[in-house]
Amino acid sequence: SLAVKSCLALLFKQTGSTPPSFRNCTILPQPSGRPQLEISQAQLPALSVSISHSRDYAAALVHNGSACGIDIQEQTAQLFTVQERFTSDAEIALLQEIPEPVTRLAAIWVIKEAVKKCAFADSDLYFGSIQLIAFQGESVKASAVAQYQPVNADPISIPVQIAQFKNYLVACTTGERHA
């Protein structure tokens, strides 16, 4: 919750507004598990919140809009044991510029998790059904596009930013909720 409150303070600073007192901010889970920011002050804009953690680090994103998603993942060999559940050979091939196989898997994981949290947190959609369709850059700093094909509808493309921090990858996205 401290990471969310720090993000909130930065967001208000960027807009030139006075942030609410941290004592007036509460983060509560919605029935879907998505965090919801409760602020006991009137006339504040609707804010979207996303939270993630992996081993020793936590990440948060607060967005002055309808939806956001963030994910942080340590690059561990455990990703190899579950890779068939969340990625395909075609997606791995998109990241061929990344020399380390574990970094490629971690990148795909954080991209899909950020998209799921942003666009589909209110549904039971498994992030394995989200497909990575474009990737530019290196794991240190890159952009990607993930796509989901709803039944009887046009594909939805969602841009994602990704960065590396020590042995962790972080991905974030903002946009619309689709579920």
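The values are calculated or read from the model by the stated rules, or taken from the named source; none is laboratory data. Bear in mind that the values here come from a model prediction, so they are computed numbers and not experimental data. Surface accessibility is based on the protein's heavy atoms, side chains included, excluding ligands, DNA and RNA. Shrake-Rupley method; radii C 1.70, N 1.55, O 1.52, S 1.80 Å.
Return one whole number: the accessible area per residue of the chain in Å², for a 1.4 Å probe.
54 Å²
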Here the relative contact order (percent) of segment 1-147, from C-alpha pairs under 8 Å and at least 6 apart, is 17 percent
Near LYS116, which aspartates and glutamates are there with a Cα under 19 Å away, not counting those fewer than 8 places off in the same chain? ASP71, GLU74, GLU84, GLU91, ASP124, ASP154, GLU176
Computing the accessible area with a 1.4 Å probe over protein heavy atoms, can you report the carbon and sulfur percentage for the chain? 51 percent
To the nearest µm²/s, what D does Stokes-Einstein give for segment 41-96 at 10 °C and 1.306 mPa s, using the Kirkwood radius over alpha carbon pairs as Rh? 112 µm²/s
On a straight-distance basis, which lysines could pair with LYS13 in a cross-link, Cα separation under 23 angstrom, same-chain partners fewer than 8 positions away excluded? LYS5
P(r) for the chain: what percent of alpha-carbon pairs falls in each 5 Å bin, starting at zero? 1, 8, 17, 20, 19, 15, 10, 6, 3, 1, 0
